[in-house]
Amino acid sequence: MKLDRITINPARMNGQLSIRNVRLTVRRVIELLALYPDREDLRREYPELEDEDIRQSLLYAAACLDDRVVELPVPYETAA
């Protein structure tokens with residue numbers, strides 16, 4: 001897995017993983033993807049963010065997730 005756009009610098013962003021040493025953390029990119037479902041809106045707000053930055057952020061996040069099963073609560077149903 002090639003993640004050459006994800007950088008870490010202890011002197012920047014409190015040492016969090018960042019995108020190409022700009023002031024955008026990987027965590028923030030993932031949050032932005034949830035907040036901006038339309039990529040064009042995201043590009044207007046964050047023109048420095050490139051498609052490859054997004055792709056590598058998603059790859060990193062996926063690699064950090066466990067493949068464990070999490071039980072979800074049974075949906076609440078009302079009696080009619």
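The values are calculated or read from the model by the stated rules, or taken from the named source; none is laboratory data. Here the structure is a predicted model, which is why all the values come from computation and not from measurement. Backbone-built Cβ (ideal geometry, glycine too); neighbour counts: all protein chains shown.
Applying the selection to segment 12-53, what residues are part of a loop (DSSP other than H, G, I, E, B) and closer than 17 Å to Cys64 by Cβ? Working first, answer last.
The first filter runs over segment 12-53 and keeps only residues part of a loop (DSSP other than H, G, I, E, B), leaving 12, 16-17, 20-24, 36-38, 46-50.
Within segment 12-53, Gln16, Leu17 qualify.
Can you spot a residue in segment 61-79 that is modelled with pLDDT under 95 and surrounded by 15 or more Cβ atoms within 10 Å (Cβ to Cβ)? Spell out the reasoning first.
At the first step, the residues of segment 61-79 found to be modelled with pLDDT under 95 are 61-79.
Now restrict to residues that are surrounded by 15 or more Cβ atoms within 10 Å (Cβ to Cβ): none.
Scanning segment 61-79, I find no residue that is modelled with pLDDT under 95 and surrounded by 15 or more Cβ atoms within 10 Å (Cβ to Cβ), so the answer is no.
Please tell me if Arg12 is more than 19 Å from Met1 (Cβ to Cβ) and without any contact (Cβ under 8 Å) to a residue 12 or more places away in the chain.
Answer is yes for this residue.
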